[in-house]
Ligand SMILES: [Fe+2]
C-alpha cells in the first residue's frame, strides 16, 4: 500500500504568497507528481496547516484544487488552521460526532486513523477527553489490527527547540498505544523538518513542509533558528506486512537532473544481473 503524504502546505488567498513563496504552486507540484508518478497511491494525506492564516479563501482554493485529484485525499488540521472556517468552506469534510476533523480508513494493511490535534488559541497540539475517547474506541474496535496514526503535531521530541510546541497529551497517547498494542507507525508534520525514529517503542516519521523548512535547531548557537526555501518535500510511504519505508521526495520540477552519462545504466544492469557482484568471474 502506498500513501502519499503532503505536510504544512500553508495555503493563502489566491494571488498572495506565504512569506514570499507561492504555496498553492507548490501544492500543485505535489498533486502533479501524485497524478504522474504515484497514481497507484491508496490515499493522499494532507498533514495539517492547510492554510497559513486560516482564511476562508485559502480553504476554498484547497477545496477546488483537491477536486481535480483522483487519489482519495484526507485532510488533517494543524495549529495554523481554524476548524470552524475550514468546516464552513468544506461541506463534505468528515468529522467525528463531536465535530472534530477525525476519520478512519480500513485497508488491507490495517486501519489508518487521522487525528485532530488542533486546539484553538494554541500552537501546541492537544487531544481533549472527547478526542481521546474517540481514539480509544477506534483502537478497541480494531483490536489485533495494525494501526497507523496520522497527526499534525508530533508526540515525540526531535531534539530541536520546536519540541516546546509539540503535542502535549503524549502521556495519554502513549498509555493508549501501550494498552491496545497495535499502533505500528505515527506520521506527523508541524516541525517543517524531515526526521524519523522510534517513540516509546513506536516507529515514527516527521514530514517536512512544501513551503519553508527549518534549520536543525539542535543548539542555541546564533543563527540556528533560520528557515529555508529548500526542497519541496513530500513523503511517499510504502507499507507491507514486513516493513514500512518513507521516501522524502522533492517535487520541485525545476531541480536539475545530473547527466545520465554519469550513471551508466548498462553497467548497473550488469551488476543487478549478477545479484550485486561487482565483476563477472
Ligand atoms: Fe506548519
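The values are calculated or read from the model by the stated rules, or taken from the named source; none is laboratory data. Just so it is clear, the structure is predicted and the values come from calculations on it, not from any experiment. FYI the Cβ positions are ideal-geometry reconstructions off the backbone, even for glycines, and counts take in every protein chain you see.
When the residues of the range 166-185 are filtered to those that are more than 16 Å from residue 136 (Cβ to Cβ), free of Cβ contacts under 8 Å to residues at least 60 places away in the same chain and not in a loop (DSSP other than H, G, I, E, B), the one that is farthest from the ligand (Cβ to nearest atom) is 185. Taking the criterion of being under 19 Å from residue 136 (Cα atoms) and not in a strand (DSSP E or B), would at least one residue in the range 205-215 satisfy it? No - not one qualifying residue is present in the range 205-215.
For the range 1-37, a residue qualifies if it is assigned to a strand (DSSP E or B), within 16 Å of the ligand (Cβ to nearest atom), closer than 28 Å to residue 245 by Cβ and touching a helix residue (DSSP H, G or I) at 6+ places or on another chain (Cβ under 7 Å), and exactly one does: 6. In the range 250-264, the qualifying residues are those that are surrounded by 10 or more Cβ atoms within 10 Å (Cβ to Cβ) and without any contact (Cβ under 8 Å) to a residue 40 or more places away in the chain, and the one that is farthest from residue 207 (Cα to Cα) is 264. If the requirement is being within 18 Å of the chain's Cα centre (by Cα), at pLDDT 95 or above and under 19 Å from residue 136 (Cβ atoms), which of these qualifies: 69, 104? 104 is the lone residue from the list that is within 18 Å of the chain's Cα centre (by Cα), at pLDDT 95 or above and under 19 Å from residue 136 (Cβ atoms). Per the conditions (1) assigned to a loop (DSSP other than H, G, I, E, B); (2) touching a strand residue (DSSP E or B) at 6+ places or on another chain (Cβ under 8 Å); (3) within 16 Å of residue 12 (Cα to Cα), the sole criterion not satisfied by residue 71 is (3). Within the range 166-217, the set of residues being surrounded by fewer than 17 Cβ atoms within 10 Å (Cβ to Cβ), touching a strand residue (DSSP E or B) at 6+ places or on another chain (Cβ under 8 Å) and at pLDDT below 95 comprises just one member, 215.
Selection of the range 80-117 for residues being within 15 Å of residue 152 (Cα to Cα), in contact with a strand residue (DSSP E or B) (Cβ under 7 Å, 6 or more places away or on another chain) and in contact (Cβ under 8 Å) with a residue 40 or more places away in the chain yields 80, 112, 114, 117.
Counting only residues that are modelled with pLDDT of 95 or more and crowded, with 20+ Cβ neighbours inside 10 Å, the range 139-165 holds 11 of them. The set of residues in the range 38-51 that are out of contact with any helix residue (DSSP H, G or I) (no Cβ under 7 Å at 6 or more places or on another chain) and either within 16 Å of the ligand (Cβ to nearest atom) or assigned to a loop (DSSP other than H, G, I, E, B) (or both) comprises 38, 39, 40, 42, 45, 46, 47, 48, 49.
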